[in-house]
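The values are calculated or read from the model by the stated rules, or taken from the named source; none is laboratory data. Computed from a prediction, not measured in an experiment: that's the story for all the values here. As a convention, Cβ positions derive from the backbone with ideal geometry for all residues, glycine included, and neighbour counts pool all protein chains shown.
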There are 2 protein chains.
Amino acid sequence: MALTDEAIKRIKDMIVTGELRPGDRLPKEADLADRLGLSRSSLREAVRALSLIRVLDVRQGDGTYVTSLRPETLLDTVGFVLDFHGDDSVLYVLEVRRILEPAATAMAARMMSDREIESLGSLVSVTGDVSASGDIDGLNELLAADLEFHRRIALGSGNPVLASLIDSLSAPTLRSRVWRGLTQENAVARTIEQHQAIHQALIAREPDVARAWATVHIAGVEEWLRRSIGTAGA
Amino acid sequence: MALTDEAIKRIKDMIVTGELRPGDRLPKEADLADRLGLSRSSLREAVRALSLIRVLDVRQGDGTYVTSLRPETLLDTVGFVLDFHGDDSVLYVLEVRRILEPAATAMAARMMSDREIESLGSLVSVTGDVSASGDIDGLNELLAADLEFHRRIALGSGNPVLASLIDSLSAPTLRSRVWRGLTQENAVARTIEQHQAIHQALIAREPDVARAWATVHIAGVEEWLRRSIGTAGA
DNA sequence: GCCCGGCCATACATCTGATGAATCATCGGA
DNA sequence: TCCGATGATTCATCAGATGTATGGCCGGGC
C-alpha cells in the first residue's frame with residue numbers, strides 16, 4: 001500500500017479509536033509527517049483527501065482540525081459523489097428517494113413540533129407566490145423552496161442520517177434538467193398542491209396520509225422523468 | 001479558494017461535462033499541472049483526493065484513469081465515511097436500513113430470476129451449518145453469509161444505487177459490536193429462520209410477505225441494539 | 001480600564017528539482 | 001512462436017525554499 005494511503009488509514013484509525021476527537025487539532029504538518037514517517041508532501045495528500053470528505057478541516061495559518069463528524073457533515077460527501085453520475089442514474093436515485101421520503105414524511109408527522117410544522121407554511125405559500133409571477137428568478141426561488149421544504153421534513157423525521165441522505169439524494173435530482181422540463185408543463189401547480197397536501201397531513205398528524213402524498217409527489221417527478229428520457233434520449 | 005480545491009473542481013467539471021469519460025486516461029501529472037496552472041505537488045493533492053472517493057484510479061508506472069463511475073463504485077465511499085461514526089449513529093443507520101431493505105426485498109421478489117433466488121438457498125443453508133458448529137471461525141463465516149445474503153437481495157432489486165446504499169449501510173452495522181452480542185443470545189437461530197422466511201417469500205414471489213419478513217429481520221437487530229445500548233452505555 | 005491597530009510567530013499553501021519504483025511496450029534470443 | 005531482458009514512461013516520495021493567512025501579543029489612544 002502506498003505511503004499516503006497508509007497515512008490516510010493511520011489518521012482514520014486515530015479518529016476511530018478516539019485518540020483524535022471531533023474538534024481536536026492535529027499536530028502540525030511537519031510533526032505529524034515525522035511521526036508517521038513520511039514527508040510533508042505525502043502527508044499533505046492524505047490530509048487533503050480526508051479534507052475533501054469533510055473529516056478534516058484545514059485552516060491556513062491556524063492548523064488542521066477534526067470536524068464535528070456529525071452525520072450531516074459526513075454524508076454530504078454523498079452529494080459530491082452523486083454529482084459524477086449522469087442523468088441515467090437520476091432515475092435510480094429518484095427511486096430511492098421514493099422509498100426514503102415517504103418514510104421520513106410519515107415519521108415527521110409524528111415527530112415534528114407544532115411550531116416546526118407551522119413554519120413550513122411559509123415555504124408552501126412562497127412557492128405559490130412565485131408560481132404566480134412565473135419569471136426565471138422565481139423558478140430558482142421555487143426550486144430553493146422545494147428543496148428547503150423537503151429538507152425540513154426530512155430533518156423532522158428525527159433521524160439525522162436519514163435526513164442527510166435524503167438531502168444528498170435530492171441535490172442531483174434538482175441539478176439535472178428535470179426541473180427545466182417540469183416547469184414547462186404546468187407541473188408547478190401540481191407540485192404546489194402536493195406540498196400543501198403534505199403540509200395538511202402533517203398538521204393533521206396523519207402519518208399514513210403524509211406518506212401517501214409524499215409517494216405521489218416523488219412518483220410524479222419520477223414518472224415525468226421516465227417519459228422524458230424515453231422520448232428525448234441522452 | 002485554494003489552488004488545489006480549484007483543481008479538484010476543474011477535474012470534476014471535466015468529468016461531468018463529458019470531456020473525460022469513464023476509463024479515460026488523464027494527461028500525465030506534469031502536463032495536467034501545467035494545463036491547470038499549478039505545480040505537480042498541488043495537482044497531486046487534488047488527484048489523491050479524487051482517488052480516495054473512487055473517482056480517479058492512479059496506477060504507478062502507468063497513468064491516472066477515470067473510474068467506471070458506476071454507482072456501486074462511487075457509493076462505497078459512503079461506507080468509508082460511515083466508519084468515522086461512533087456506535088451512537090448505528091441506530092440511525094439501522095433505522096434507514098429498516099426503511100430501505102424491506103423495499104428492496106419486495107422489489108427483489110418481483111425482479112430476481114428464478115436462478116438467482118435459487119442460488120440464495122446455499123447461503124441460507126451455509127448459515128445453518130455454521131450455527132451448528134458454533135465456533136468462532138464459524139461466526140465470521142456466518143457474518144459473511146449474512147452480508148452476502150442481504151447484498152444479493154439488494155442487487156436483486158434491480159436498482160444499483162439502492163443496492164450500493166444498502167451495502168454501504170450494512171457494513172458499519174456489522175463492524176460494530178452488534179454481532180458479538182447478538183450471537184450470544186441464540187439470536188443466530190432466529191436470524192436463520194428469518195433468512196429462510198425471506199427466501200421462501202422470494203420463491204413464492206410474494207413481495208408483501210418478503211417485505212414484512214425483511215422488516216421483522218432488521219427490526220429485530222435494531223431492537224436488540226437499542227436495548228443493548230440502553231443497558232451497556234457507550 | 002477598555003478598545004483598537006499594528007507587529008510577529010506560527011502553520012498551512014505552493015513551487016521547484018531530484019531520485020526511486022512500478023509498468024508497459026519493444027526487441028532480441030532461444 | 002514464446003519468453004525474458006531492456007528502456008522509456010509515469011507515478012511515488014522526498015527535501016528545501018518561499019509565499020500567505022491567522023491568531024495572539026503588545027502598546028497607544030480614548
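Restricting attention to segment A:35-64, which residues are under 29 Å from A:S168 (Cα atoms) and of a type in the set (S, T, N, Q)?
Scanning segment A:35-64 gives A:S51, A:Q60, A:T64.
Tell me which residues, restricted to segment B:33-76, are within 9 Å of DNA strand D (Cβ to nearest atom) and aliphatic (A, V, I, L, M).
If the condition is that a residue be within 9 Å of DNA strand D (Cβ to nearest atom) and aliphatic (A, V, I, L, M), then B:V47, B:V58 are the ones that fit.
Could you grab me the full set of residues in segment A:1-57 that are out of contact with any helix residue (DSSP H, G or I) (no Cβ under 7 Å at 6 or more places or on another chain), of a type in the set (G, A, S) and within 10 Å of DNA strand C (Cβ to nearest atom)?
Selection gives A:A2, A:S51.
Determine, yes or no, whether A:R98 is among the basic types (K, R), in a helix (DSSP H, G or I) and within 12 Å of DNA strand C (Cβ to nearest atom).
For A:R98, the condition - among the basic types (K, R), in a helix (DSSP H, G or I) and within 12 Å of DNA strand C (Cβ to nearest atom) - is not met.
Within segment A:11-31, how many residues turn out to be more than 13 Å from chain B (Cβ to nearest Cβ) and in contact with a Lys or Arg (Cβ under 9 Å, 6 or more places away or on another chain)?
2
Scan segment B:106-113 and tell me whether some residue there is more than 10 Å from DNA strand D (Cβ to nearest atom), assigned by TED's automatic domain parsing to the domain that holds B:I218 and closer than 24 Å to A:G158 by Cβ.
No, the conditions are met nowhere in segment B:106-113.
State all residues of segment B:68-93 that are at the interface with another protein chain (Cβ under 9 Å from one of its Cβ atoms) and hydroxyl-bearing (S, T, Y); if no residue qualifies, say none.
Matches in segment B:68-93: B:T77, B:S89, B:Y92.
In segment A:70-116, how many residues are over 20 Å from A:A219 (Cβ atoms), touching a residue at least 40 places away in the same chain (Cβ under 8 Å) and surrounded by fewer than 20 Cβ atoms within 10 Å (Cβ to Cβ)?
9
Condition first: within 30 Å of B:V188 (Cβ to Cβ), away from DNA strand D (no atom under 16 Å from the Cβ) and among the charged types (D, E, K, R). Can you find one or more residues in segment B:77-86 that meet it?
Yes, segment B:77-86 has at least one match.
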